[in-house]
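I have placed the structure first, in the form of structure tokens, so that the comments after it can refer back to it.
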Amino acid sequence: MPKALICDDSAAELANLRSILTDAGWHSVTASNGNEAVQKASAEQPSLIFLDIIMPDMDGYEACRQLQANAETKTIPVVFVSSKNQKADHIWAKMQGGKALIGKPYSADQILDTLKAYG
């Protein structure tokens, strides 16, 4: 069963994404901030990471940069899921090493398309 790491500081967003992934046959691991995401990515080695941008302690951009700098996690695709959804945000997300940015609110189909593309 493929595994994804979901990182968001909102319990509701974590539950929603986890539900979509479970229905698609994926196992999910969750984190609530960037530090936790970096640690869990290294320990769990997921196939894909869904990462919020605006979080306490360490934002998603910094977490992505740390994941890209680590030999154990640099090949794991990171997809940002955020309310930051302007053109500049999409460009900046890619510059940080992200594969894509899905804007909130998102549809289940957007998440499923991402699983097909990067999972």
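The values are calculated or read from the model by the stated rules, or taken from the named source; none is laboratory data. Quantities reported herein were computed from a predicted structural model and do not represent experimental measurements. When we count neighbours, we look across all protein chains shown, and the Cβ atoms used for this are built from the backbone with ideal geometry, even at glycine. Just so you know, the surface numbers come from the protein's heavy atoms only, side chains and all, with ligands and any DNA or RNA stripped out. Shrake-Rupley method; radii C 1.70, N 1.55, O 1.52, S 1.80 Å.
Accessible surface computed residue by residue for the chain, with neighbouring protein chains in place and a 1.4 Å probe, gives 49 Å² per residue. Note on SER83/MET1: beta-carbon distance plugged into 1/(1 + (r/R0)^6) with R0 of 30 Å gives a FRET efficiency of 0.50. In terms of its Cα atoms, the range 20-84 spans 30, 29, 16 Å along the principal axes, sorted from long to short. Among the protein heavy atoms, those of ILE54 account for about 100 Å² of accessible surface (1.4 Å probe, every chain in place). If the chain linking ALA71 and ILE54 were pulled fully straight, counting 0.36 nm for each residue of separation and taking away their Cα-Cα distance, it would gain 3.6 nm. Taking a sphere under 15 Å around the Cβ of VAL81 and counting the other residues whose Cβ falls inside, with K and R at +1 and D and E at -1, yields a net charge of -3.
Strictly greater than 18 Å: what percent of every Cα pair in the chain meets that?
That tail contains 42 percent of the Cα-Cα pairs.
Counting Lys and Arg as +1 and Asp and Glu as -1 over every other residue whose Cβ lies under 11 Å from the Cβ of LEU14, the net charge comes to -3. Is any residue of the range 19-33 close enough, with backbone N under 20 Å, to a label point placed 7 angstrom from the Cα of TRP92 along the Cα-Cβ axis, and if so, which? Counting only backbone N, you get 33.
A Gaussian network model of the chain, with springs between Cα atoms under 10 Å, assigns the largest mean-square fluctuation among ALA93, ALA41, ALA24 to ALA24.
Shown for the chain: the carbon plus sulfur share of the solvent-accessible area, taken with all protein chains present and a 1.4 angstrom probe, equals 50%.
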